[in-house]
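See below for the structure under consideration.
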Amino acid sequence: MLQSVLHAAGIQSARIEALWWVMFWVTTAVTLVVLALVVVAVRRGLAADAMDVTERSSLRRVAVGTVLTAVILLGLIGGSVITSRALASQRSADALMIEVTAYQWWWAVEYQHPEPEQRVRTANELHIPVGKTVAIKLLANDVIHSFWVPALHGKLDAIPGHEATLWLRADQAGVYRGQCAEYCGHQHAHMAFVVIAEPPDVFERWIQAQRQTAHAPATEQEQRGLHLVQRTACVMCHTIRGTAAGGRIAPDLTHFASRSTIGAGTRPRTREYLDQWIKDPQAIKPGNRMPTLGLSDADRSAIVAYLEQLR
Amino acid sequence: MSRAPVIELPLTDEMLSRQSRELARTWAPARGIIGFFSEVDHKRIGMRFILTALAFFVLGGVLAALMRLQLAFPENTLIGPDLYNQLFTMHGTTMMFLFAVPVMEGLGLYFTPLLVGARTIALPRLAAFGYWIFLAGGVFLYVSFLLNIGPDNGWFSYVPLAGPEFGPGKRADTWAQLITFTEVASLVGAIVTIVTIFKYRRPGMTLDRVPMFAWAELVTSFMIIFAMPAVMLASTTLILDRLVGTHFFNQAEGGDPILYQHLFWFFGHPEVYLIFLPAQGLMSTLIQAFSSRPIVGYVWLVTALVATAFMGFGLWVHHMFTVGLPQNGSSFFTAASMMIAIPSGVQIFCWIATMWTGRVRLEPPMLFALGYFVIFIIGGMTGIMVASVPVDLQLHDTYFVVAHLHYVLIGGAVFPLFGALYYWFPKMTGRMPNRRLGMISFWLLFIGFNLTFFPMHQLGMIGMPRRVYTYLPGLGWETLNLAATAGAITMAIGALTLTVNAVYALRRGEAAAANPWQASTLEWSTSSPPPPHNFSPERVIASRDPLWDDPPGQPIVVGVRSDKREVLVTRLLDAEPDHRYHSPEPSIWPFVTAMATTFMLIWSIFSPWALVWGSIPPAIAMIFWFWPRGRSIDDETHPPEKGRPQLEAATGPA
Amino acid sequence: MSATVPVVDVSRLPSFAFGHRSILWWATLGLIAIEGTAFALMIAAYIYLKWRVPEWPPGVAPPDLMWGTLTTIVVLASCIPNHLTKKAAEQLDVGRTRLWIAVSLGFAIAFLVLRAFEFTTLNCWWDTNAYGSIVWMLLGAHTAHVITDVVDTAVIAAIFFTGPLDAHRFVDASENAAYYYFVVFSWLPIYAVIYLAPRLV
């Protein structure tokens, strides 16, 4: 259940799940009681041959039912407001700051830092330390998207011209899947991401590794792959830090092989899928912005080899 | 009744039936092709609305079936993203704008005059115009869809996705203009309904004797008047941004995409009550008829309708909880969205009390009414969940909301609608539907509905967002989606049996008496189907349930001319007779105006000059529409150059 | 068979009525409610857009006061012939109705001419920015109402001069005058929003 509201792994989603269960039991009880009344009423009505037209006593019961309804609703409103306050109180001055920009149809992730060279850019995958508050600033590059990782929190819309911050804290280590939750065009269905919550020291190691420039190619095939990447259309859109690839309108590929999926969660990142993707991205995710490059099989294999070693 | 005294007259049955025949001739619908396009009979216009809306319902259902077939399996390749995005857009737009509101409007146009004891609706030509505009809009939308320029941004068409930068071509414009067509049709219907209920009631029908469905239509009509302008503004500003470069929603020039959401949902939330309130009126009608007793808590029920209408305007931000608005503001909307359950609760308790103290008959309309209790209550409970901001942050824009909205709309509106169509089928057609087929179709629809939509609650909770053309395997969504598809097929069969029942009954059904259900309201006092003039004779009303409680020998209303189309206009509060009014004759001009307006609206998608040059034909058509043809029938009142009019000489009964 | 039955005899009731007793009054009121709501929402949209930015109007000067204020004065003055038209119609006085409806029509046309000048003082186009868009929409929507009113009034005036006349045409003239009050009074908040709001600190 990687993407479930009912398997909360963070403080925010846990509060929401608790409220939901309260509402679930209360509403289920109310439903059963009211439906039981309907059944009894119908049975009495079916059995009746004379009619009881004393409206007053029926109205008294209607009044009682109404008052009970109001009381229950006030209770649920109270519970909701308490939960809202609890969620709002989870902000922290020394939170880990991450900026996520939603694009049609992928997620640009940038870990903030006062020194620009310490900032880390990646795509479609976030790592966060367990137990620490994270502030995700959401921006939208084009249309409205919505960042939603149900195991950790509710969703927040990324709206062009607006900035909104989602506060998270994972309390259990794990891999949590998220998906865009605001219809954003053609490939809204294939705009997923992953949040990996890990122990703080593991997280530190990860982010240090991400700060390095791209791993240099070793074998001849990999070198050829890098050479091709720098000479074809790849550089128009993608960045691989430490190479000539500096495009900013597609996912950062510097540590591409450290991520688990291709195409924002559309396919697992395996050699075979990567090869298919580069060969014909439109077959896998029709309408996405990556063009078909028309490379030869050998060229493509070299590029795949190079990318696969960008850990 | 000081100017309309009660007197004794030697009226014989023979005189009354002669008058009845003359009335039937006077009010007979116009004939031939020209007659078809000049129709102003409210029963025929209402029937057109109902049949056209049901046709769109079937189309919308076919679209949904296609969606369900695509979603039955993960990574299915039956339908690609482009077509799928159009399908869900067309499905929502069809159901909300071309089915749900128009079908209620159609029932209202057909039955409101019958319920209040009038010969016709007020402003019949305006109603006729409303039908043609509605039909034109629906045809326009579907032709666009078939030409591959149909909308594909969802039924609420958010910007910037639907804006000039990200929505190339004319797709979003076809959506926006469809809104204009349907909103004009609704507004026109609302005005007609309000004036009819306020001014055309039978003498003696004081406001506290007006039947529940008429009250529901009245309250709904007021809601329409205050809600529709918001969507008119949303769709107009959208077209302006796309066509002439305005910046209402362009954040780079001071605009804001959220403004669109406020404008749309200020309409969009009341919109669901526009669909739901008439259905609550239908519920009261059905529960009363099939519990064989007057509804318990009439005043409370009317108050609940009015309360729902007012409160319905204060909820719209609950569609925007994930937008990042301030927390305190959002909490207000949580409270309001939950409190609106109270008037619904009042109604449910009154209906239970009615059945409890009545004599229940389980005919198919009653089964549909009982289906409401199960389905709508579940929908209301999930509504309370998504009314809470924290819970909605998880559930918004997921299949949980899809489940919720279908539970409240289908349970809350479509089931009562089917019950009411069954109930009123004998009155409209003169034939009884088949009881057994009615029961079968109820069960197929009830079971099919729950099988389709109940799993969607779970799907939303385990992460499936809305509006996705496919999903990956391994997320645990497969079985639930397959179940939903099976349910959809079951529902389709249920809808098919309803249709078969209707067609069979029309050809071979038992002839229907005037009042086969022994109900209490005025439509059952006339033949099935009613004559063109609705009623003859017209007796003064003395109670809320005239066919059960009025004493025999109530005075008959005389003095309204039967050789010309004349109606009696009564006073708003107490329905005392006020004056006689010449009801407009059939005319081709509403149709011509509607076609000229259609041409202008379609042209305006392509050029703003359409609003200048294209407004000339409708203006000319309207001048012909309103230009008097000779003097009105009341020749006795031709005004002297100075001075006051003379009252007409008493004409007496025909 | 010659026994009598009780009847309510409405034959002596008139066949037309003015004011809230008339069908046309209610239809006109419905139209006013719809259009009034639309104007109110446009004003709300203006306020929303203004609230989002620190400088308003952004980058342009507020509209010049002269033409707008002149229009407002003329339109308020036009209430007088409008009132007289309504009164004449309610008295079924053909001569005076013809006179005052022609005068009202003259005022409405003058209003339209002055309105054209108002557009030139807005200092921006509808596609300059969001401010331009909302201001042009407000002024444009109200102008559309004035144009339709001029057409309606012209048609009714024409009928009064050419005939055929009967009591219902007087009701039409009376209701048209009532609707004109809406056109006038809906202008006042729009005037305040377009001309005065940008000058508020």
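Annotations for the structure displayed:
- Test: residue in the stretch B:242-258 that is surrounded by 24 or more Cβ atoms within 10 Å (Cβ to Cβ), of a type outside the set (S, T, N, Q), more than 11 Å from chain A (Cβ to nearest Cβ) and out of contact with any Asp or Glu (no Cβ under 7 Å at 6 or more places or on another chain): no
- Conditions (1) facing another protein chain (nearest Cβ under 7 Å); (2) within 28 Å of C:Pro198 (Cβ to Cβ); (3) not in a loop (DSSP other than H, G, I, E, B): number failed by C:Val53: (3)
- Boolean, C:Val60 is of a type outside the set (S, T, N, Q), in a loop (DSSP other than H, G, I, E, B), out of contact with any Pro (no Cβ under 8 Å at 6 or more places or on another chain) and surrounded by 16 or more Cβ atoms within 10 Å (Cβ to Cβ): yes
- Restricting attention to the stretch B:476-514, the residues that are within 30 Å of A:Phe193 (Cβ to Cβ) and free of Cβ contacts under 8 Å to residues at least 60 places away in the same chain total 4.
- Count - residues of the stretch B:1-30 that are in contact (Cβ under 8 Å) with a residue 12 or more places away in the chain and either more than 7 Å from chain C (Cβ to nearest Cβ) or closer than 30 Å to B:Pro586 by Cβ (or both): 14
- Selection within the stretch B:616-629: residues that are more than 15 Å from C:Ile156 (Cα to Cα) and over 28 Å from the mean Cα position of the chain (by Cα). The member of this set that is farthest from the other protein chains (Cβ to nearest Cβ) is B:Pro617.
- Candidate set from the stretch B:263-300 (those that are assigned to a loop (DSSP other than H, G, I, E, B) and more than 19 Å from B:Phe368 (Cβ to Cβ)); member that is farthest from the other protein chains (Cβ to nearest Cβ): B:Pro294
- Summed over the stretch B:542-573, residues that are over 27 Å from the mean Cα position of the chain (by Cα), farther than 18 Å from B:Pro10 by Cα and not basic (Lys, Arg) total 9.
- Among the residues of the stretch A:171-189, those identified as of a type outside the set (Ser, Thr, Tyr), closer than 26 Å to B:Asn153 by Cα and in a loop (DSSP other than H, G, I, E, B) are A:Cys180, A:Ala181, A:Glu182, A:Cys184, A:Gly185, A:His186, A:Gln187.
- Check on B:Thr52, within 16 Å of the chain's Cα centre (by Cα), crowded, with 24+ Cβ neighbours inside 10 Å, at pLDDT 95 or above and β-branched (Val, Ile, Thr): no
- Set side by side, the residues A:Glu99, A:Glu110, A:Glu163 differ, and just one is more than 12 Å from the chain's Cα centre (by Cα), within 12 Å of chain B (Cβ to nearest Cβ) and farther than 24 Å from B:Ile462 by Cβ, which is A:Glu163.
- In summary, C:Gly19 fulfils each of the numbered conditions (1) facing chain B (nearest Cβ under 7 Å); (2) over 30 Å from B:Phe248 (Cβ atoms); (3) in contact (Cβ under 8 Å) with a residue 40 or more places away in the chain; (4) surrounded by fewer than 19 Cβ atoms within 10 Å (Cβ to Cβ) with the single exception of condition (1).
- For A:His145, the conditions (1) touching a Lys or Arg at 6+ places or on another chain (Cβ under 6 Å); (2) assigned by TED's automatic domain parsing to the domain that holds A:Gln118 all hold with the exception of (1).
- A single member of A:Ala197, A:Ala173, A:Ala245 is at negative phi and without any contact (Cβ under 8 Å) to a residue 40 or more places away in the chain, and it is A:Ala245.
- Selection of first residues in the stretch B:356-371 that are within 10 Å of chain A (Cβ to nearest Cβ) and farther than 8 Å from B:Phe290 by Cα and of second residues that are buried (at least 22 other Cβ atoms within 10 Å of the Cβ) and of a type in the set (S, T, N, Q), restricted to Cβ pairs under 7 Å at least 6 apart or on distinct chains, gives the following pairs, ordered by first then second residue: B:Gly358/B:Ser291.
- Only a single item in (1) more than 19 Å from B:Cys350 (Cβ to Cβ); (2) modelled with pLDDT under 95; (3) part of a helix (DSSP H, G or I) is not met by A:Gly78, and it is number (2).
- Among the candidates A:Leu226, A:Leu310, A:Leu274, residue that is farther than 26 Å from A:Arg177 by Cβ and among the aliphatic types (A, V, I, L, M): A:Leu226
- Residue in the stretch A:61-83 that is more than 7 Å from every other protein chain (Cβ to nearest Cβ), buried (at least 19 other Cβ atoms within 10 Å of the Cβ) and hydroxyl-bearing (Ser, Thr, Tyr) present: no
- Residue that is surrounded by the fewest Cβ atoms within 10 Å (Cβ to Cβ), among those in the stretch C:157-185 that are within 18 Å of C:Ala110 (Cβ to Cβ) and of a type outside the set (Phe, Trp, Tyr): C:Val184
- Against the numbered list (1) within 16 Å of B:Gly380 (Cα to Cα); (2) in contact (Cβ under 8 Å) with a residue 12 or more places away in the chain; (3) facing chain B (nearest Cβ under 7 Å), A:Ser4 comes up short only at (1).
- Single unsatisfied condition, B:Leu325 versus (1) at pLDDT 95 or above; (2) surrounded by fewer than 22 Cβ atoms within 10 Å (Cβ to Cβ); (3) within 30 Å of B:Arg242 (Cβ to Cβ): (1)
- In the stretch B:202-223, the residue that is surrounded by the fewest Cβ atoms within 10 Å (Cβ to Cβ) out of those that are out of contact with any strand residue (DSSP E or B) (no Cβ under 9 Å at 6 or more places or on another chain) and facing chain C (nearest Cβ under 9 Å) is B:Phe222.
- Scanning the stretch C:76-108 for residues that are at pLDDT 95 or above, more than 19 Å from C:Trp25 (Cβ to Cβ) and of a type in the set (Val, Ile, Thr) yields C:Ile80, C:Val103.
- Those residues of the stretch B:6-56 which are of a type outside the set (Val, Ile, Thr), in contact with a Lys or Arg (Cβ under 9 Å, 6 or more places away or on another chain) and under 28 Å from B:Asp574 (Cα atoms), in sequence order: B:Leu23, B:Trp27
- All positions within the stretch C:86-123 that are more than 11 Å from chain B (Cβ to nearest Cβ) and not in a helix (DSSP H, G or I): C:Thr121, C:Leu122, C:Asn123
- Within the stretch B:499-542, the set of residues being touching a helix residue (DSSP H, G or I) at 6+ places or on another chain (Cβ under 7 Å) and exposed (fewer than 14 other Cβ atoms within 10 Å of the Cβ) comprises B:Leu506 only.
- Qualifying residue in the stretch B:459-477 (condition: outside any helix (DSSP H, G or I), modelled with pLDDT of 95 or more and under 28 Å from the mean Cα position of the chain (by Cα)): yes
- Filter pass, C:Val75 being more than 27 Å from C:Thr162 (Cβ to Cβ), buried (at least 20 other Cβ atoms within 10 Å of the Cβ) and in contact (Cβ under 8 Å) with a residue 60 or more places away in the chain: yes
The values are calculated or read from the model by the stated rules, or taken from the named source; none is laboratory data. These numbers come from a predicted model, not from an experiment. Cβ sites come from the backbone with ideal geometry, for glycine too, and all protein chains shown count toward neighbours.
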